[in-house]
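Engineer: Could you have a look at this structure, given as C-alpha cells, before my questions?
The values are calculated or read from the model by the stated rules, or taken from the named source; none is laboratory data. No experiment lies behind these values; they were computed from the predicted model shown. For neighbour counting, all protein chains shown are included, and Cβ atoms are generated from backbone atoms with ideal geometry for every residue, glycine included. When the accessible area is computed, the model is the full protein with side chains, heavy atoms only, and any ligands, DNA or RNA have been set aside. Shrake-Rupley method; radii C 1.70, N 1.55, O 1.52, S 1.80 Å.
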Amino acid sequence: MPNKSQILELKETLLQRRESILSNINNSRNSIDEIKNQEINDELDYAELVSDSFTQGMIANHQIAELKQIDEAIKKIKDDTYGKCDMCGVNIPIGRLKAKPFAKFCTECREVYEKENKN
Ligand SMILES: [Zn+2]
C-alpha cells in the first residue's frame, strides 16, 4: 500500500488530471458546436468538417472514459481501498501508481485483462 503522503500526492495528480480533462472536453464541445453552426456550401468542406468533429468526438469519448477511471480511483482513496489490484487484491507497486494513478490492476492482471479484452 502507498503511504499517506504518497496517496495525497497521487490524489493531487488525479484531481489535476481530472480538471484538465474537464476543460479539454468543454473546449472540444464548444468547437464542435461552432462547426455545427457554420454554414456549409461546399461538399469538400463538409467532408472535412465531419471528419474533424468525428476525431474530436473520439478524443472526447476517450477522455470521458479516463475521467470515469479517475473518479473511481478518487472514490477508492476515500474508501481506503486505493492501491489494491481489483482482480487479485495484491498491492499495486507505487512506481506503477505514479505512472498511472488510476491503475486498477497490478501489472500481471493488467496483461491478463488486456488479452481477454482483445478477443
Ligand atoms: Zn492483480
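Engineer: With each label point set 7 Å from Cα along the Cα-Cβ vector, what nm distance links Q63 and D33?
Structural biologist: My value for the distance between the label points is 1.5 nm.
Engineer: Next up: Relative to the Cα centre, what is the charge dipole magnitude of segment 4-118, using +1 at the beta carbon of each Lys and Arg, -1 at the beta carbon of each Asp and Glu, and rounding to the nearest 20 debye?
Structural biologist: Value, rounded to 20: 1080 debye.
Engineer: To the nearest 10 degrees, how steep is helix 43-79 against the longest Cα principal axis of the chain, on a 0 to 90 scale?
Structural biologist: Around 20 degrees separate the two axes.
Engineer: I'd like to know which of S20, A103, M87 lies farthest towards the positive end of the charge dipole of the chain, counting +1 on Cβ of Lys and Arg and -1 on Cβ of Asp and Glu.
Structural biologist: Most positive-ward Cα: M87.
Engineer: Listed here are the pairs K11/K36; K76/K115; K78/K118; which of them are more than 30 Å apart at the Cα?
Structural biologist: Violating the 30 Å limit, Cα to Cα: K11/K36; K78/K118.
Engineer: With contacts defined as alpha carbon pairs under 8 Å and 6 or more residues apart, what's the relative contact order of the chain in percent?
Structural biologist: 33 percent
Engineer: Measuring from centroid to centroid over Cα atoms, what is the spacing of segment 68-119 and segment 3-32 in Å?
Structural biologist: One Cα centre to the other: 17 Å.
Engineer: Taking a probe of 1.4 Å, how large is the accessible area per residue of the chain, in Å²?
Structural biologist: 72 Å²
Engineer: So how tilted is helix 107-118 from the main axis of the chain? Cα-based, degrees 0 to 90, rounded to 10.
Structural biologist: Roughly 40 degrees, rounded to the nearest 10.
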